[in-house]
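Report on the structure given below.
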Amino acid sequence: MTSRARPEPRAATSSWPQEICRDPVSERARLFVLNLRRALAGTTLREAAAATGVDHTTLSRILDGHVWPDGYTVARLEVRLERSLWPAWTG
């Protein structure tokens, strides 16, 4: 079975992460990014990396919508930042 390449989360909108995504999957990634930005407010990416154990380049690529955060990274960020970041399902 072959896998398809995933589009970048930011590809679902012209103004990442300010604009709501029509695609519900990309929208959840966008909401995660907004939550992460609030959690990291006033912190540099290098400081955030030191505090969370997630590399600053990975954080940058997630925040900029270039990559999808994997489950391990989401869990690590939530544990280290002591807050829920992934949006709750409201379907």
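Contact annotation: residue pairs with Cβ atoms under 8 Å, 6 or more positions apart or on different chains, pairing a residue in region 18-38 that is in contact (Cβ under 8 Å) with a residue 40 or more places away in the chain with a partner that is among the polar types (S, T, N, Q), are 35/84. One residue stands out in region 1-10 among those that are more than 14 Å from the chain's Cα centre (by Cα) and open to solvent by less than 100 Å² (accessible area, probe 1.4 Å): the one that is nearest to residue 88 (Cα to Cα), namely 7.
Of the helices (runs of 4 or more DSSP H) lying entirely inside region 12-79, those containing at least 1 residues that are open to solvent by 50 Å² or more (accessible area, probe 1.4 Å) and farther than 24 Å from residue 90 by Cβ span 45-52, 56-63.
The values are calculated or read from the model by the stated rules, or taken from the named source; none is laboratory data. Note that the structure is a prediction, hence the values are computed from the model and not measured. Ideal geometry is used to build each Cβ from the backbone, glycine not excepted, and the neighbour counts take in all protein chains shown. Remember, those area values only see protein heavy atoms, side chains included, never the ligands or the DNA or RNA. Shrake-Rupley method; radii C 1.70, N 1.55, O 1.52, S 1.80 Å.
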